[in-house]
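Scroll down for the structure; my scribbles are underneath it.
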Amino acid sequence: FRFVIKGGLAGAAVYVAYDQGLLGSGTQGAEALRKAQEALPPAIQEWTSYVGWELPPIPKIDFSPSDSWNKGVQTVISALSVAPTRACEYTVEGWKYVK
């Protein structure tokens, strides 16, 4: 019975992530993040007022996942493109050192 409940919750989580665009392209993920940033602060404020807690203000973070992803991809591709040249250079230096 527990397995069925856990499987149902996991399936529901995957469905919600897919439905909100988190498993799609980078632009869909960025759009989902923007929606979450707009929806979460009012929901948290309502919940804390209901419970009676007071939380510090949420810091504003200007972060673009798609820009960070693209920068990482560019760095990796750049490193891979110069790898054969660097390997040759290091091999020549190594032979010079051995001689």
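Tell me the mean residue ellipticity at 222 nm calculated for the chain from its helices only (DSSP H runs of n ≥ 4, each -39500 (n - 2.57), averaged over every residue, nearest 500). Walk me through the numbers on the way to the answer.
Values: 3 runs with 78 residues, N = 99.
Estimated from H runs of four or more residues: -28000 deg cm²/dmol.
For the chain, what D do you get in µm² per second when you plug the Kirkwood radius from alpha-carbon pairs into Stokes-Einstein at 25 °C and 0.890 mPa s?
Using the Kirkwood radius from Cα pairs, D works out to 131 µm²/s.
With an 8 Å Cα cut-off and a minimum separation of 6 or more residues, compute the relative contact order for the chain in percent.
18 percent
If I stretch the segment between THR85 and PHE3 completely, what's the gain in nm (0.36 nm per residue apart, minus their alpha carbon distance), one decimal?
That works out to 24.2 nm of additional length.
Could you check how much of the accessible area of the chain is carbon and sulfur, as a whole percent, using a 1.4 Å probe?
Numbers: 5930 of 9060 Å².
Roughly 65 percent of what the probe reaches on the chain is carbon or sulfur.
Would you mind getting the accessible area per residue of region 1-96, heavy atoms of the protein chains only, 1.4 Å probe, in Å²? Before the final figure, lay out each step's value.
Values: 8560 Å² over 96 residues.
That works out to 89 Å² for each residue.
Return the sequence-ordered ³J(HN,Hα) values of region 92-97 in whole Hz as given by the Karplus equation 6.51 cos²θ - 1.76 cosθ + 1.60 applied to θ = phi - 60°, using x for Gly and Pro.
The phi angles translate into 4, 4, x, 5, 4, 5 Hz.
What does a probe at GLU38 reach in region 10-31, counting residues whose amide N is under 11 Å from the point 7 Å along Cα→Cβ?
31
The values are calculated or read from the model by the stated rules, or taken from the named source; none is laboratory data. For clarity, every value in this text was computed on a predicted model and none was experimentally measured. Quick reminder, even Gly has a Cβ in these numbers, built from the backbone with ideal geometry, and neighbours come from all protein chains shown. Side chains are part of the model used for accessible areas, which takes the heavy atoms of the whole protein and leaves out ligands, DNA and RNA. Shrake-Rupley method; radii C 1.70, N 1.55, O 1.52, S 1.80 Å.
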